Structure formats: C-alpha cells, structure tokens
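The values are calculated or read from the model by the stated rules, or taken from the named source; none is laboratory data. Since this is a predicted model, take the numbers as computed values, not measurements. Note: ideal-geometry Cβ built from the backbone for every residue, glycine included; neighbour counts use all protein chains shown. Each accessible area value is taken on the protein alone, full model and side chains, heavy atoms only, with ligands, DNA and RNA left out. Shrake-Rupley method; radii C 1.70, N 1.55, O 1.52, S 1.80 Å.
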Amino acid sequence: MAEMLAVSKPSGPGSDSLATLDMPAALNEKVLNALRADPGSVDLRAQATWFYGLGERMLELFEEEEVAGVLVETFRLRALEIADKAQHSGATQQGGGAGGEFMQGLDDTERQCMCLHLIFLSL
C-alpha cells in the first residue's frame, strides 16, 4: 500500500504524492560507500537478511543506476570470494573458524550460492 501511495499522483490543488518512499537504511550512502571501498568487509546480513532481494525491489521503484552498479559489482566480487571459500575451506562446511565468521556476513542469496558450490564440489 505504501508503494501505491508513494507513486500515485493525487488530483487537485498541491498534487503532491500522498506519501514518500525513501531508500532503506541498508542501501544508504554509508553502506554503498563501504561496498565501493571493499565489498567483502561489509556484513550484508546485518544490513538485511535478503540484501540483494531488497536492492532488487528498491530498484523496481527507483531508477538508481549507481545503486544498481554497486550491487552488481558487490555480488560479482563476493561471488568470487564465496567460490574460493567453498573450494578451499573445510571450516566453512563445519560452520566454525574463519569460515563460520565468513558465513555469518553473507545474506541469504549468498548463502544459497555457497551451498550450491559445496554441493557441486561434493559430486
């Protein structure tokens, strides 16, 4: 409903939107700057459990090419790190050590990628 109110244009005097819709804190400039600087250092799960899903949804509402670029580059770089960890870290599978800490910072999309890597490596 908030989306409808934010994008609808009321008729009549003042014809401003009935509500405004801002980017969520998980996609604010501070987070985006941290992702630009070092995507691997940001705990995406602390920002949003489904960080990339949130980003995708916001990009459906806002035409933010810069945000889209940051998210795509972040996913690309972190996917490489996920593949590397999956291939080289037995600790990741056990959920302990540095691998466990790494897993804690992944959003659910990245966790699914990690699981797929581990499944394919075990075949």
The number of residues in the stretch 98-113 that are open to solvent by less than 50 Å² (accessible area, probe 1.4 Å) and either β-branched (Val, Ile, Thr) or at pLDDT below 90 (or both) is 5
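Let's see how each residue does on (1) assigned to a helix (DSSP H, G or I); (2) closer than 26 Å to LEU121 by Cβ; (3) within 10 Å of the chain's Cα centre (by Cα); (4) modelled with pLDDT of 95 or more:
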residue: LYS9; (1), (2), (3), (4): no, no, no, no
residue: ASN33; (1), (2), (3), (4): yes, no, no, yes
residue: ARG45; (1), (2), (3), (4): yes, yes, yes, yes
residue: GLU66; (1), (2), (3), (4): yes, no, no, yes
residue: THR74; (1), (2), (3), (4): yes, yes, yes, yes
residue: GLN87; (1), (2), (3), (4): yes, yes, no, no
residue: ALA91; (1), (2), (3), (4): yes, yes, no, no
Taking the stretch 29-51 on its own, how many of its residues are under 12 Å from VAL70 (Cβ atoms) and open to solvent by 30 Å² or more (accessible area, probe 1.4 Å)? 5
